[in-house]
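**Q** What follows is a single structure, and I will ask about it in a moment.
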Amino acid sequence: RRVFERLKSGPKAVGTIARGLPVSRPAVSQHLKVLKEAGLVADRPEGTRRVYYIDPDGLGALRRWLDQFWDEALAAFAAEVETSHDKDKAK
């Protein structure tokens, strides 16, 4: 999570992302690889290094996927509130 959060202010190289984290640069690279495979992060060459940035398309897809769970949870909550309200009125 901290690797991903470091990218919210803009593109960064692995060394910049790793600075101050309690893991090695290779470990950060592995985290970035997983995030890239998940479509949440992309990279581009910049001089002799690669910089990583949050992929808005991947983040949007994740948001849409998560929203379906919220929609279901809110619908279930609304149904429960309605049922409780109806029971209270019947008393």
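Just so it is clear, none of the values below were taken in a lab; they were calculated from the coordinates. On a predicted model such as this, the values are computed, not experimentally measured, just so you know. A quick note on method: Cβ atoms are made from the backbone with ideal geometry, for glycine too, and the neighbour counts reach across all protein chains shown.
**Q** Please get the size of the charge dipole for the chain, origin at its Cα centre, with Cβ charges of +1 on Lys and Arg and -1 on Asp and Glu, quoted in debye to the nearest 20.
**A** I would put it at about 800 debye.
**Q** Here's a follow-up. Based on the Kirkwood radius over alpha-carbon pairs, what is the Stokes-Einstein translational diffusion coefficient of the range 14-54 at 37 °C with 0.692 mPa s viscosity, in µm²/s?
**A** So the translational diffusion coefficient is about 312 µm²/s.
**Q** Hand me the trypsin sites (Lys or Arg not before Pro) from the range 1-32 located in a DSSP loop with no more than 15 other Cβ atoms within 10 Å, in residue order please.
**A** Taking the range 1-32 and a limit of 15 other Cβ atoms within 10 Å, the loop trypsin sites (Lys or Arg not before Pro) found are Arg1, Lys8, Arg19.
**Q** Also, quick follow-up: Before rounding to the nearest 500, sum -39500 (n - 2.57) across all DSSP H runs of length at least 4 in the chain and divide by the residue total; then give [θ] at 222 nm in deg cm²/dmol.
**A** Helix contribution divided over all residues of the chain: -20500 deg cm²/dmol.
**Q** Can you tell me the equivalent ellipsoid semi-axes for the chain? Use √(5λ) from the Cα gyration tensor, largest first, whole Å.
**A** 44, 14, 9
**Q** Taking the chain, how many lysine pairs are there with alpha carbons less than 19 Å apart, if each pair must be eight or more places apart or span two chains?
**A** Lysine pairs meeting the criterion: 4.
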